[in-house]
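Please read the structure below before turning to the comments.
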Amino acid sequence: MKSLVNTPFLILFFLLVVSQSAFASRKTINPQNPCKRMVLYYHDLLLNANGTDVDNSTSAAITNPAKLGNNYVFGKLIVFDDPVTKDQNLHSPPVAKAQGLYFYDMRTDFTAWFAFSLIFNSTEHKGILNIMGADLMMEKTRDFTVVGGTGDFFMARGIATVTTEAAEGIKYFRLKMDIKLYECY
Amino acid sequence: MKSLVNTPFLILFFLLVVSQSAFASRKTINPQNPCKRMVLYYHDLLLNANGTDVDNSTSAAITNPAKLGNNYVFGKLIVFDDPVTKDQNLHSPPVAKAQGLYFYDMRTDFTAWFAFSLIFNSTEHKGILNIMGADLMMEKTRDFTVVGGTGDFFMARGIATVTTEAAEGIKYFRLKMDIKLYECY
Amino acid sequence: MKSLVNTPFLILFFLLVVSQSAFASRKTINPQNPCKRMVLYYHDLLLNANGTDVDNSTSAAITNPAKLGNNYVFGKLIVFDDPVTKDQNLHSPPVAKAQGLYFYDMRTDFTAWFAFSLIFNSTEHKGILNIMGADLMMEKTRDFTVVGGTGDFFMARGIATVTTEAAEGIKYFRLKMDIKLYECY
């Protein structure tokens, strides 16, 4: 009688088990092929030192710079509640909010470190992306990492590529955020 | 002679390869079916401005609020070393500690942003969960993201759903944390 | 006529679907078998309170300790721009920079909480690892979590095991970082 589980089956099953094991530590994700992509614009309007432009501000420093690398405001920490829009216009209706912090952290040039939540509450998206990373401003584009998500973005991970598009003194800057998720559930 | 690898095999193998590729970017995780779940209670006892209740405090502000949205203490940053219990009673033996920070970050209402480690060192669990997220207090429940883990929680990811259960002025609040891990190793 | 898709096939296919579903929440990662490993040394040189040793400093406190657990500088927050080397020598050419923050967060002993980017820009590696975790200094080794990566470390996750190797008062400390990535793409 012929065996129910014949040789080709065994070979196939073996290949399968091997491929699954490899999968565990070296999955294939193609950087060019995110499962979700959004381009958004983040606007930061910093309160001035005297606090006289409250109505026109969405962020504020909560520490003074340290005495280290003073010209690059090393150690200045800013908390923000910033609007995020679908186009470059600050006055467009926000599609999300960005709430979190950044602080300047380089002695010899301007760089900052960001950690924040991108909070969506629109008909299009409800949910949050948590993002962190180094803003190396001397480079044209920088990559932050999307480390978690909730709601529509349940368990998401990915990359947010940021570009400074405008900077008006210390009052205003705009970041283009090209958000690419590679884990979608 | 019949080919060893016949047509049905090839079809199956093809389906398999396709399904594995899809797997890479769109794995299936069911929000209703975490691989690990724990309900814990986080207790925060904030030191008062004069520092006179040290014995009864587990957290302290390290910055003053900014002059932006003053009524909602925008920019006030708190560092905590808070007990975590299995039931709602602050005086129950802690099963974990929560060490990290939160800061208030909304101009027009109370919201905060948390980043912390949940440190377990008991017979039941040894290890750490690292958690971050937006605490949108105007909503009944909010989701933080578990972005990494160590020890018993090696490489974990998931969601921590928090609910404010008690709030006594600015001195005390208790968060119920319903922690659901979806990646367990 | 014999069915093209016979019984053994159906059994195998069923097993396959089941195993893939299980895979989603319980992948196999062996802690002993990272897909990438690097041992690096992090050097922190803290600016003194008077700011007189600027040339010899790579980090600075931006808040004062709170009045809680004063002896362990609870609430002192430090921003750093620290060199990272391949050997223990502070003066070796850096292979990466560590930019981020740590703050002390325990009332009854020294512990700190870290969040930072490890920024590689050498012929060997270009890219960033984002790291966070609790530095429980009373333990010989502590595990931070690598929560995201960019460039050569695209979408990485893993563990960074740290050991304090040297501590010269409050001016200098060195951490050995044994970085093990378990998700490589």
## Note on the structure
Counting only residues in segment A:99-108 that are modelled with pLDDT of 95 or more and more than 16 Å from B:ASP143 (Cα to Cα), the one farthest from the other protein chains (Cβ to nearest Cβ) is identified as A:TYR102
### Message
Is it the case, given these coordinates, that A:GLY133 is open to solvent by 10 Å² or more (accessible area, probe 1.4 Å) and on the phi > 0 side of the Ramachandran plot?
### Response
no
### Task
Search segment A:59-85 for residues being open to solvent by 10 Å² or more (accessible area, probe 1.4 Å) and away from chain C (no Cβ under 11 Å), and hand back the single one that is farthest from C:ASN48 (Cα to Cα).
A:PRO83
### Task
Among the residues of segment B:89-121, write down those that are open to solvent by 30 Å² or more (accessible area, probe 1.4 Å) and either closer than 21 Å to C:ILE159 by Cα or out of contact with any Ser or Thr (no Cβ under 8 Å at 6 or more places or on another chain) (or both).
B:ASN89, B:LEU90, B:HIS91, B:LYS97, B:THR108, B:ASP109, B:PHE110, B:ASN121
## Note on the structure
The residue that is nearest to A:ALA66 (Cα to Cα), considering only those in segment A:92-110 that are among the small types (Gly, Ala, Ser) and touching a Pro at 6+ places or on another chain (Cβ under 9 Å), is A:ALA98
### Residues that are in contact (Cβ under 8 Å) with a residue 24 or more places away in the chain, within 14 Å of chain A (Cβ to nearest Cβ), open to solvent by 10 Å² or more (accessible area, probe 1.4 Å) and assigned to a strand (DSSP E or B), drawn from segment B:160-185
B:ASP178, B:LYS180
## Note on the structure
Inside segment C:119-159, the number of residues satisfying the requirement of being more than 10 Å from chain A (Cβ to nearest Cβ), touching a strand residue (DSSP E or B) at 6+ places or on another chain (Cβ under 7 Å) and in a loop (DSSP other than H, G, I, E, B) is 3
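The values are calculated or read from the model by the stated rules, or taken from the named source; none is laboratory data. Keep in mind that this is a model prediction, so the values were computed, not measured. Note that each Cβ is placed from the backbone with ideal geometry, even for glycine, and that neighbours are counted across all protein chains shown. We work out accessible area using only protein heavy atoms, side chains counted, and drop any ligands, DNA or RNA first. Shrake-Rupley method; radii C 1.70, N 1.55, O 1.52, S 1.80 Å.
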